[in-house]
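Scroll down for the structure; my scribbles are underneath it.
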Amino acid sequence: MLEIPVWHQVTAEQFENDIVPLNKPALLKSHFGDWSAVKAGKESPQAIVDYLTTMDRGQKVSAVVGNPEINGRFFYGDDLQTMNFSRASTTLGSALEQLLKLVDQPNPHAIALQAITIRDALDDFETQNPQPLLDSSIAPTLWLGNRAMVAPHYDIHDNIAAVVAGRRRFTLYPPEQINNLYPGPALSTPAGVPVSMVDIRQPDLQQFPNYAQAEAVALQGVLEPGDGIYIPALWWHGVESLEALNLLVNYWWGGQTQGTPSANDSMMHSMLSIAKLSPAKREAWRQYFNYYVFQTGDDPQEHLPASLNDLVTDLSEEQQKALKGFLSKRLL
């Protein structure tokens, strides 16, 4: 594996002009070290719990819980249709209390609170812990738990994640490694998108031999409290929480054109309509996708009037609305 490129003292201008255009992960060393939450996280598990408790609005949050036997690996069940963990509704305060009780246990249940909208759950967190790289409209999300392994998966949005408490090991793979990562089922998933079938902590190369190629080009790094990481959309990433109590805050943005259908949904529809066609038909459709969607050849709008409102050029708002209505009916 290779090391994640490390950047120091990154400014918003540098992030936008130098890091984002590379479309590669970047470790933002100590970028969030001044956060009051990070200072509490560095002090002790009790200190970060006390810090969050003072802000807690008492909102219901979702938790996933796995038996000690899963060794912290939230994953598919044996039938690949169920999961090896259960879901529960709780409050942030109750979850924090339970995590503190488990800190000194050698083999506890694995607990994770995932994708908590901070603006709904915690008072004044953003004011005390500002992020200067992105627009202030981009909302932060909280991830909290004990030692756990989230299997490699991809996000459809760009992502900045800040480690607040504990340490996390990130292992990242470029999108073109999908064939070597052995994705699991697309409909029954641990968290909305397929995850790699490979346990990257102990990869079984007899069962998944191509993983060796993905591992050879993977980027890996351990983030300490105060460190951040930029993960471009569609980069696969596995995340291992290494301490008895871990807290991370992330920001999702971009990754697709605003106001348009999800590219991931479009891919799933294409899987339904094209993937089972004959090889000849699939190859023919590949040519059309290359021309209209990926635009690997000539610009498909170059020979058309610039003022034309069309799917190939630019749709008017009325056309967009009409087309969405037309597609929604055709997809039923």
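Using a 7 Å offset from Cα along Cα-Cβ at residue 205, what residues in the stretch 1-25 end up with backbone N under 16 Å from the label point?
1-2
Using Cα atoms only, what is the angle between the long axis of helix 263-273 and the major principal axis of the chain, expressed in degrees (0 to 90) to the nearest 10?
60
Under a Cβ-only charge scheme (Lys and Arg +1, Asp and Glu -1), can you give me the dipole magnitude of the stretch 263-330 about the Cα centre, in debye to the nearest 20?
It comes to approximately 600 debye.
Take the Cα of residue 127, step 7 Å along the line toward its Cβ, and report every residue of the stretch 51-84 whose backbone nitrogen sits under 20 Å from that point.
Those under the cut-off are 51-59.
Taking only Cα atoms and a 10 Å spring cutoff, compute GNM fluctuations for the chain and point out the largest among 259, 41, 228.
It is 259.
With angles folded into 0 to 90 degrees, how steeply does helix 279-289 sit against the dominant principal axis of the chain? Use alpha carbons for both and round to 10.
Here the helix axis deviates by roughly 90 degrees.
Post the alpha-carbon centroid distance, the stretch 245-316 to the stretch 62-98, in whole angstrom.
35
Using θ = phi - 60° and the Karplus form 6.51 cos²θ - 1.76 cosθ + 1.60, what ³J(HN,Hα) does each residue of the stretch 116-132 get, whole Hz, x for Gly and Pro?
Those phi angles translate into 7, 6, 4, 5, 8, 9, 10, 6, 6, 5, 5, 5, 7, 9, x, 10, x Hz.
Any idea how many Lys pairs in the chain come in under 22 angstrom at the alpha carbon, given 8 or more places apart or on separate chains? Mind dumping the intermediate values first?
Details: 29/39; 29/42; 39/101; 42/101; 60/101; 321/329.
Total qualifying Lys-Lys pairs in the chain comes to 6.
Run the numbers for residue 169 and residue 307: contour at 0.36 nm per residue of separation, minus the present Cα-Cα distance, in nm.
44.6 nm
Helix 317-330 against the longest principal axis of the chain: what's the angle in degrees, Cα atoms only, rounded to the nearest 10?
90
Put a dot 7 Å past each Cα toward the Cβ at residue 224 and residue 43; how far apart are the dots in nm?
Between residue 43 and residue 224, the label points sit 1.9 nm apart.
Considering the zone a paramagnetic label at residue 105 would reach in this model (a point 7 Å from Cα along the Cα-to-Cβ line), which residues of the stretch 224-252 have amide N under 17 Å from it?
Counting backbone N atoms under 17 Å from the label point, the list is 243-246.
Between residue 50 and residue 260, how high is the FRET efficiency from 1/(1 + (r/R0)^6) when r is the Cβ-Cβ distance and R₀ = 45 Å? Nearest 0.05.
My answer for the efficiency is 0.55.
Say we join alpha carbon atoms closer than 10 Å with springs in a Gaussian network model of the chain; which of 213, 128, 202 then has the biggest fluctuation?
Of 213, 128, 202, the Gaussian network model singles out 202 as fluctuating most.
Assuming 0.36 nm per residue, please report the length gained on full extension of the stretch residue 295 to residue 24 beyond their Cα-Cα distance.
Result for the pair: 95.4 nm of gain on full extension.
³J(HN,Hα) across the stretch 149-154 via Karplus (A = 6.51, B = -1.76, C = 1.60, θ = phi - 60°), whole Hz, x for Gly/Pro?
Once θ is set to phi - 60°, the couplings for the stretch 149-154 become 10, 9, 4, x, 8, 10 Hz.
What is the antiparallel percent of DSSP beta bridges lying wholly in the stretch 2-253, to the nearest 5?
Details: 52 of 59 bridges.
Antiparallel bridges make up about 90 percent of those DSSP assigns within the stretch 2-253.
Springs between alpha-carbon pairs under 10 angstrom, Gaussian network model over the chain: which of 174, 225, 130 fluctuates most?
Fluctuation is largest for 130.
None of the figures in this text is laboratory data; all of them are computed from the coordinates on show. Because the structure is predicted, anything quoted here is derived from the model rather than measured. Virtual Cβ from ideal backbone geometry, glycine too; neighbours counted across all protein chains shown.
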